[in-house]
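The values are calculated or read from the model by the stated rules, or taken from the named source; none is laboratory data. Since the structure is predicted, the reported quantities are computational estimates derived from the model, not experimental observations. Neighbour counts run over all protein chains shown; Cβ positions are idealised from the backbone, glycine included.
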């Protein structure tokens, strides 16, 4: 269910997006992927490559050109053959935060977008302070994708110095336009050469979302779908004759809300959520459903932890 919500037109910039007490809870946590991705810089994730860290991994036979410093001379004396020590190399993980900031995300009290930005802020904070590369991409209209322009957001950044501008960008978001998930996610997959963990936070009220997610899958991303609904959408408090306005298209519809109609709505909503969950399962993606009326901390500290994304 969508409607305009003037009180949620802009996120309050005077309030910190995450308080200091919650940030302390995030210290020491890290983000993890089930599949291995090649990183760009030294980080805290085990790489698919072999490197020269202090953690021994394996041996292989010496070949011409190998560094003699890594030859195991004790083993060579016993076997009369040269073997080179291999070590686990640690690399950073690329995390792509894909945030739906379309007009429908402005619905609810608090708005779905406010809830979504807090979840994104927490995930980004964990990644950046863990020296992973975190990018932010805003999905709010199809203009950039249509004209081949880079989607709005922030490029990959790591380290604590990147946290403040990242929080500021999230705190200043305004819900507007349509998500255009098919064209925006296709554009992201085309424009971004890096592979890693893609976390899509959306209400999925866009007909092209499956096509968009398939574009990410084709590029080799591990995907997490965070499905945000407003409490007013899950438990609508409506009765009698009302006028419903679609906040993205402007289409209006007159209807009489009866108990029977509410039951049909609840069944349709459940089918909608089940379809997303089943799609995620078939695609090997993780699915997390959330209400903007619940404590957002639980999404990060409980649900994403249970999925193995936050460790």
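Among the residues of segment 95-142, those identified as free of Cβ contacts under 8 Å to residues at least 60 places away in the same chain and within 25 Å of residue 215 (Cα to Cα) are 124, 134, 135, 136, 137, 138, 140, 141, 142. The requirement of being surrounded by 16 or more Cβ atoms within 10 Å (Cβ to Cβ), at pLDDT below 80 and either touching a strand residue (DSSP E or B) at 6+ places or on another chain (Cβ under 8 Å) or not in a loop (DSSP other than H, G, I, E, B) (or both) is satisfied by residue 39. Residues that are touching a strand residue (DSSP E or B) at 6+ places or on another chain (Cβ under 8 Å) and farther than 17 Å from residue 289 by Cβ within segment 114-127 comprise 117, 124, 126, 127, listed in sequence order.
Inside segment 173-188, residues that are part of a helix (DSSP H, G or I) and either surrounded by fewer than 20 Cβ atoms within 10 Å (Cβ to Cβ) or out of contact with any strand residue (DSSP E or B) (no Cβ under 9 Å at 6 or more places or on another chain) (or both) make up a count of 4. Within the set 215, 295, 285, 267, the sole residue that is assigned by TED's automatic domain parsing to the domain that holds residue 175 and over 23 Å from the mean Cα position of the chain (by Cα) turns out to be 267. Is one or more of the residues making up segment 80-94 in contact with a strand residue (DSSP E or B) (Cβ under 9 Å, 6 or more places away or on another chain), within 29 Å of residue 180 (Cα to Cα) and modelled with pLDDT of 75 or more? Yes; the residues of segment 80-94 include at least one that is in contact with a strand residue (DSSP E or B) (Cβ under 9 Å, 6 or more places away or on another chain), within 29 Å of residue 180 (Cα to Cα) and modelled with pLDDT of 75 or more. Screening residue 167 with (1) closer than 23 Å to residue 139 by Cβ; (2) without any contact (Cβ under 8 Å) to a residue 40 or more places away in the chain gives one miss only, at (2).
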